[in-house]
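Colleague: Okay, here's the structure, questions in a sec.
The values are calculated or read from the model by the stated rules, or taken from the named source; none is laboratory data. This one's a predicted model, so the numbers in the text were calculated from it and none came from an experiment. Using ideal geometry, Cβ is built from the backbone for each residue, glycine included, and neighbour counts are taken over all protein chains shown.
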Amino acid sequence: MRQFETKYIKQGYRIIAGTDEAGRGPLAGPVVASAVILDEHQPIKGLNDSKQLSEKKRNLLYDEITLKAKAVATVFIDPKEIDQINIYQASKKAMCEAINQLDIQPQVVLSDAMPLVLNDIICESIIKGDTLSESIAAASIIAKVSRDRYMIEQAEHYPDYGFERHKGYPTKQHLNALKVYGVTPLHRKSYKPVKDQINQQMKLHL
C-alpha cells in the first residue's frame, strides 16, 4: 500500500497527497471528494478501499486519519451542479478543490483513476488506486464516511426515502419511493431513473 508513496520519497519528495471520491453512482445526494496527506511517522493500520471495509471500521479509521494526518480536506458538489457539468467533471472538480483546500500544498498527488492536472504538482492517476496506495485509501475513507453521514442527516428531512440505509443508491426501496413520493431537491435530475420519473409525473399532469 506504500509502493507509490515510496517511489516518490526515493526521488526526494516528502509531501504526497492522495485523493478519491465517493458517490458517483447514487441517484441522490452530492459527490464528495477528499484529499489526505498522511504522516509517514504516524502509520495507520488497516487502510484499504473504503468499499472493502465495514461501516464500523471506516468510522474508526476516519477518526484516526483525521487525528494523525498532516492535512485533510473534503469538498461536496451538489446534485444541481452534477446535472449541469456531469458526474465525471463534478468528481474531477471536487478532487481538485479538495487538493487546493489542503493546509499544506503537496508536491505529488496520487488519484484513484482520475487524470488530474495541477500547477506545480506532479499528478499520477492509479487504476484501483484505493487498493494500491495508502494515501488514496485514506482519502476514499474520508470521502465515503463524510458522504454517508451527510445522507443520514438528510434522511431526517426526507424520512420516506430511506437515505440512511441506501445513501441515495438505486436500491429497490429507493426506486419505489421515487415512484410514490416523487423527486426531491437531493435527486440528480440528469440520471435516467430520476429523469424517467420526472417525465412520468409531467404526463400525469397533462
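Colleague: Looking for whichever is surrounded by 14 or more Cβ atoms within 10 Å (Cβ to Cβ), more than 20 Å from Ile82 (Cβ to Cβ), more than 16 Å from the chain's Cα centre (by Cα) and among the β-branched types (Val, Ile, Thr) here; the options are Val108, Val117. Which one fits? Can you show your working first?
Modeller: Values: Val117 fails: surrounded by 14 or more Cβ atoms within 10 Å (Cβ to Cβ).
The match here is Val108.
Colleague: Could you list all residues from region 169-182 that are hydrophobic (A, V, I, L, M, F, W, C) and either loosely packed, with under 15 Cβ neighbours inside 10 Å or under 17 Å from Gly25 (Cα atoms) (or both)?
Modeller: Leu175, Leu178, Val180
Colleague: Would you confirm whether any residue within region 103-115 is part of a helix (DSSP H, G or I) and either of a type in the set (Val, Ile, Thr) or at pLDDT 95 or above (or both)?
Modeller: Taking every residue of region 103-115 in turn, none turns out to be part of a helix (DSSP H, G or I) and either of a type in the set (Val, Ile, Thr) or at pLDDT 95 or above (or both).
Colleague: Shifting gears a bit: On the given criteria, is Glu97 at pLDDT 95 or above, more than 15 Å from the chain's Cα centre (by Cα), of a type in the set (Asp, Glu) and part of a helix (DSSP H, G or I)?
Modeller: Working: at pLDDT 95 or above: yes; more than 15 Å from the chain's Cα centre (by Cα): no; of a type in the set (Asp, Glu): yes; part of a helix (DSSP H, G or I): yes.
The answer is no for Glu97.
Colleague: Has region 77-91 got at least one residue that is outside any loop (DSSP other than H, G, I, E, B), under 12 Å from the mean Cα position of the chain (by Cα), free of Cβ contacts under 8 Å to residues at least 60 places away in the same chain and surrounded by 15 or more Cβ atoms within 10 Å (Cβ to Cβ)?
Modeller: Looking through region 77-91, at least one residue is outside any loop (DSSP other than H, G, I, E, B), under 12 Å from the mean Cα position of the chain (by Cα), free of Cβ contacts under 8 Å to residues at least 60 places away in the same chain and surrounded by 15 or more Cβ atoms within 10 Å (Cβ to Cβ).
Colleague: Considering only region 41-58, state which residues are farther than 14 Å from Glu134 by Cα and hydroxyl-bearing (Ser, Thr, Tyr).
Modeller: Answer for region 41-58, where residues must be farther than 14 Å from Glu134 by Cα and hydroxyl-bearing (Ser, Thr, Tyr): just Ser54.
Colleague: Give me the residue from region 183-206 that is within 13 Å of Ala28 (Cα to Cα) and not in a loop (DSSP other than H, G, I, E, B) and, out of that set, nearest to the chain's Cα centre (by Cα).
Modeller: In this case the residue turns out to be His187.
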